[in-house]
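These notes are about the structure you will find just below.
The values are calculated or read from the model by the stated rules, or taken from the named source; none is laboratory data. Computed from a predicted model, the values in this text were never measured in an experiment. Counting neighbours? That spans all protein chains shown, and the Cβs are built from the backbone with ideal geometry, glycine included.
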Amino acid sequence: MSDYKTIQELKQIDAALAAPFRGIFILRRKTVKTARNGNPFLSVELGDSSGSFTANCFDNTPPYNALTEVNEGAIVRISGKTEYYNDRFSPKLQAGEEISSEEADAEGVLSQLVEVPPESEEALWAHIEEAIAAIEHPQLKETVQRVMDEWGPQFRTGTAAISMHHAYRHGLLEHTTHMVRACRALLPLYPQVDPDLAIAGIILHDIGKLEEYEGDFAAKVSRIGTLQGHVVLGFRTARKAALQSKLNADLTERLEHIILSHQGEKEWGAAAMAATPEAVFVSMVDNLDAKMGMVQRVLRNTPEGEEFSEYLMGLQTRVLVTAPDKT
């Protein structure tokens, strides 16, 4: 039996103990920072399918020297001791090394490194296919189908974010499927919202993320993602498909507007404020599922016995993870 610990297992160890451990994780994020004494140190985020943690590696220590040249997205073998700082799990790393996916597989841990949604890829994708088939306007349906014909394989596996919500393999597929389900539940309450435009806008709203992010085990922003961002990239993808499908000018503009405004606020990355019934609707459904996706994830990943999750930047709070007492 492997002595490697998952992140969830590490977080279940008594916080009062400085327990030694070994683990194999994905180096999700690495940032060079400067300490108060002027020396550099590394802030690293390590993760597996059960969660993640951040730790510091100080200058001229074995983990600093070992991880300095390791790229984000690499698989690393780590040893250290469990520690907490300000009630946040932040272990002291003592050694680290990059290993290959073949070695991780030989150690029996490769399958537990990559986080995926609880629902299968096939089940989630079936909802997207059914939603496209239900779009009644022929050219609008063709527009969405053209995009999926080109981007479908990446759409099925891609992440929805770097760290905030649905930030894991198949995360974009899960996020979009949940939005489609929410959309269909809410549409009867808002007859002013055109169902075809709402569904098409939801399916395509984040399509630019497939170009914005890159990486097999950990997502990072690509060159074009940095220079243009997923809102502009998604607009371009949708516009190209709409022109090829001969979608009329009004529907093309409305579909593009959903993509350009779905971020909700300009300071959050929206190119325009939502100004059609469908754009307002999609933006609100997007915000709802992004936040509830964060809640669902911490409910899955918070160690058993804990009352609250760790602090979530996207919600600006910790989440109460215990079930309501309905006795």
Within the stretch 214-272, residues acidic (Asp, Glu) and not in a helix (DSSP H, G or I) come out as GLU214, ASP216, GLU265
Of the residues that make up the stretch 245-256, is at least one in contact with a Phe, Trp or Tyr (Cβ under 9 Å, 6 or more places away or on another chain) and assigned by TED's automatic domain parsing to the domain that holds ILE203?
yes
Within the group LEU210, LEU173, LEU204, LEU197, which residue is under 21 Å from LEU113 (Cβ atoms), surrounded by 22 or more Cβ atoms within 10 Å (Cβ to Cβ) and assigned by TED's automatic domain parsing to the domain that holds VAL282?
LEU173
As an exercise: evaluate ARG300 against (1) surrounded by fewer than 16 Cβ atoms within 10 Å (Cβ to Cβ); (2) in contact (Cβ under 8 Å) with a residue 12 or more places away in the chain; (3) part of a loop (DSSP other than H, G, I, E, B) and give the number of the one condition it does not meet.
(3)
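Could you pull out the residue among GLU129, GLU142 that is surrounded by fewer than 14 Cβ atoms within 10 Å (Cβ to Cβ), closer than 30 Å to LEU243 by Cβ and not basic (Lys, Arg)? Steps first, answer last, please.
Details: GLU142 fails: surrounded by fewer than 14 Cβ atoms within 10 Å (Cβ to Cβ).
Of the residues listed, the single one that is surrounded by fewer than 14 Cβ atoms within 10 Å (Cβ to Cβ), closer than 30 Å to LEU243 by Cβ and not basic (Lys, Arg) is GLU129.
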Out of GLY229, GLY215, sole residue that is small (Gly, Ala, Ser), crowded, with 18+ Cβ neighbours inside 10 Å, on the phi > 0 side of the Ramachandran plot and touching a Gly at 6+ places or on another chain (Cβ under 8 Å)
GLY229
Might you check whether a residue that is on the phi > 0 side of the Ramachandran plot and surrounded by 14 or more Cβ atoms within 10 Å (Cβ to Cβ) occurs anywhere in the stretch 35-48?
no
How about the stretch 65-91: which of its residues are among the basic types (Lys, Arg) and crowded, with 16+ Cβ neighbours inside 10 Å?
ARG77
